[in-house]
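Remarks on the structure that follows.
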Amino acid sequence: MRRNGRGKRGEGHVLDRRTFLKTGAGIVAANLAGTLGSVLLRRGRGNAAEARGHFVQAARTEISSLDPHEAYTIEVYSFTLNMYDNLMRFDGNPPEVVPWLAESHSVSGDGLTWTFRLRRGVKFHDGRELTAEDVVYSVDRLLRLGKDPASVFKPCLKPGASEALERYTVRMKLYQPFAPFLAILPIICVVNKDLVQKNEKGGDLGAPWLSRNDAGSGAFKLRSHEPAKGFVMDRFAEYWRGWRGSHVQSAEVRIIREPASQVLNLQKGTIHMTHTLLPPEQFERMETMKGVRVTKDQTLRTFVIRMHNQRSPLNDVNVRKAIAHAFDYDGFNKGVMKGNVVRNPVPIPLNMWGNPKNPPAYTFDLAKAESYLAKAKSKITRPLDLISLAGNPITDQAALLLQSNLKKLGVEVKIRGLTFPQFSVAGKNQETMGDLAVHWVSSYYPDPDNWIGKMYDSRNWGAWQASSFYKNLEVDNLLQKAREVVDRAQRQKLYERATAIVFEDSVDVWIYNSTSQRGLSDRLQGYNFSPVGDGLDFYPLYFTGS
């Protein structure tokens, strides 16, 4: 997934107001066509798929790699949760860590040595039993591969620090205490050691092979994968949880980029679940449709505009404060987002611990913005480069709103569109990152470190989450200490202090915390939402009705 879209600043689809309005008109036309044509649409194709127990979920971004140790975006949960198993998993909302492959675990008094006792009888898709050797290989492979998932373990674990004590027991030794360790364990997907090693070539750790193949033990096994179209999985008959009760027979993740097309396909019955990041008006439309329901769940997914803290003129705090005061938070959250989001004025989601009791907030105030521009030593003498996620109406509207307000202050902004895979590459490098970028920051593990730690500790430069390239040694030290101490109350104080500094430095523009909405077929049952995993575990799903 990270290989796509590598380019220089200025490349990508450039969005202007005329293009946006054309796109908006197209969406309205598609909506109208879908409404007028609904009487003529037949659900026969969808019903036939349901009769076969075939579930289809729409996605907006292509998944170019199926390697669970390479990919690290929300989209990857659609295959990691279904084709692979983990030592631990998250369940529920708020999410809790629950035993999975590890039936039990223990930890030494100093918090450095972790021992896991594995479930017996778990089989890989080729029929071989999963053992401690597979877990050790998977941990080492993830760390040696050095892709985005490895960055989460960088503060605590090194290759070679895991060992198989016996067939069903694994021991891991951390090189320093790491308070969120249990919370990050679900990131490790266990792969079939023999199968991956068999397909290694020239020390590549089998990465090219695993990017398009399956080496898991999960509920579903891979049937086919075409990055631009999606992938299809079939039920794994020997899955360790068994298949008692009702379950779908097969599952498909289908790439449908246009929100209106997703809704039309749901109405027709050719898909059974939409993506969650659709414009609010599409969910309003679905709420009026027969045979469709819309789910709403509180998430841990924040919406931000990143600012490049190392590049002039945004390396001047007064310029950043001016931009923070130039965004119309209420207008966007209540108008564009229809009030379906919660204002989140700081890095950590407000429904997650670690925030100050009364968090501060930047407000929309063009007079203040103008005064900060006047104070700035770095003058804005060129257009600012703002990255929006290509084809996403929400990021586009946020970008256009900021562009419009800054224009009133004499600041020109040029908007360019990159797909998320392209941005996740561009955001790793100071040269290819835009001056600004608008996107979501999702929950990969429910700990404050997932947000403020990954985003603002300068040791994480090189990961897309750290694309602001912020550096403050006091913040680095506070965040590191928060990882080392186990006591929640002490960690709370450390995160409060770090948040106060990051806020005062006006590192980014923090806008809202999302509500996850999905359009579902009324016939689809078993959907379980969790902020980590986004409700994409397909094992509980089944169809009812005729």
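With a ≥ b ≥ c the root eigenvalues of the C-alpha gyration tensor of segment 318-369, is it rounded (a/c under 1.5), prolate (a/b larger than b/c) or oblate? Please report the intermediate quantities before stating the final value.
Details: a/c = 2.75, a/b = 1.20, b/c = 2.29.
Judged from the Cα gyration tensor, segment 318-369 comes out oblate (a/c at least 1.5, b/c at or above a/b).
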Give me the extension gain from N340 to E484: residue separation times 0.36 nm, minus the current Cα-Cα distance, reported in nm with one decimal. 48.2 nm
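Calculate the dipole size of the chain relative to its Cα centre from +1 charges on Lys and Arg beta carbons and -1 charges on Asp and Glu beta carbons; express the result in debye to the nearest 20. Intermediate values should be presented prior to the final figure.
Numbers: 74 positive and 57 negative charges, 185 e Å.
Roughly 880 debye for the chain.
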Answer with one residue from Y470, P421, A326: the one whose Cα lies farthest towards the positive end of the charge dipole of segment 298-514, charges on Cβ with Lys, Arg +1 and Asp, Glu -1. A326
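Which of K334/K407; K368/K471; K158/K201; K357/K379 have a Cα-Cα distance over 30 Å?
Details: K334/K407 22 Å; K368/K471 25 Å; K158/K201 23 Å; K357/K379 36 Å.
The pairs that break the limit, which is 30 Å between Cα atoms, are K357/K379.
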Could you please state, rounded to a whole Å, how far the C-alpha centre of segment 452-501 is from the C-alpha centre of segment 113-141? 33 Å
Which of the listed residues, I387, Y456, W353, is farthest toward the dipole's positive end in segment 298-514, when Lys, Arg count +1 and Asp, Glu count -1 at the beta-carbon? I387
Could I have the simple spin-label model distance between Q525 and E431, label points 7 Å from Cα toward Cβ, reported in nm to one decimal? 5.8 nm
Distance in nm between label sites at K296 and S312, each 7 Å beyond Cα in the beta-carbon direction? 4.9 nm
Packing-based ranking, highest mean first, of 178-190, 118-130 given that Cβ atoms within 10 Å are counted: 178-190, 118-130
What order do you get for E50, E431, E103, E200 when you list them from fewest to most C-beta neighbours inside 10 Å? E431, E103, E200, E50
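Using Cα pairs under 8 angstrom and six or more residues apart, how large is the relative contact order of segment 281-351, in percent? Working shown, then result.
Numbers: 29 pairs, mean separation 17.1, N = 71.
After rounding, I find 24 percent.
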Considering only V196, L143, G160, whose Cα is most displaced toward the positive end of the charge dipole of segment 74-210, charges sitting on Cβ of Lys, Arg (+1) and Asp, Glu (-1)? G160
Prolate/oblate/rounded label for segment 298-514 (Cα gyration tensor, a/c 1.5): rounded
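Rounded to the nearest 20 Debye, what is the dipole magnitude of segment 74-210 about its Cα centre when Lys and Arg each give +1 and Asp and Glu each give -1 at the C-beta? Mind dumping the intermediate values first?
On the way: 17 positive and 17 negative charges, 47 e Å.
Dipole of segment 74-210, to the nearest 20 debye: 220 debye.
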Could you pull out every whole DSSP H run in the chain that spans at least 20 Å of Cα extent along its own axis and averages -1.0 or higher on the Kyte-Doolittle scale? 17-36, 393-408, 488-504
Helix-derived mean residue ellipticity, 222 nm - over the chain, DSSP H n ≥ 4, -39500 (n - 2.57), to 500: -8500 deg cm²/dmol
According to the square roots a ≥ b ≥ c of the eigenvalues of the Cα gyration tensor, what is the shape class of segment 74-210, taking rounded for a/c under 1.5, prolate for a/b larger than b/c otherwise, and oblate for the remainder? rounded
For A374 paired with D330, estimate the spin-label separation in nm (one decimal), with each label point 7 Å from Cα along the Cα-to-Cβ line. 2.5 nm
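Could you compute the FRET efficiency for L182 and E226, with r as their C-beta to C-beta distance and R0 at 30 Å, rounded to 0.05?
Working from the Cβ atoms, E equals 0.25.
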Hey, of [x] 30.6; [y] 24.4; [z] 33.2, which did the structure itself give for mean projected area of the Cα convex hull in nm² when calculated? [y]
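None of the figures in this text is laboratory data; all of them are computed from the coordinates on show. Owing to the predicted nature of the structure, the values given are computational and were not obtained by experimental measurement. For neighbour counting, all protein chains shown are included, and Cβ atoms are generated from backbone atoms with ideal geometry for every residue, glycine included.
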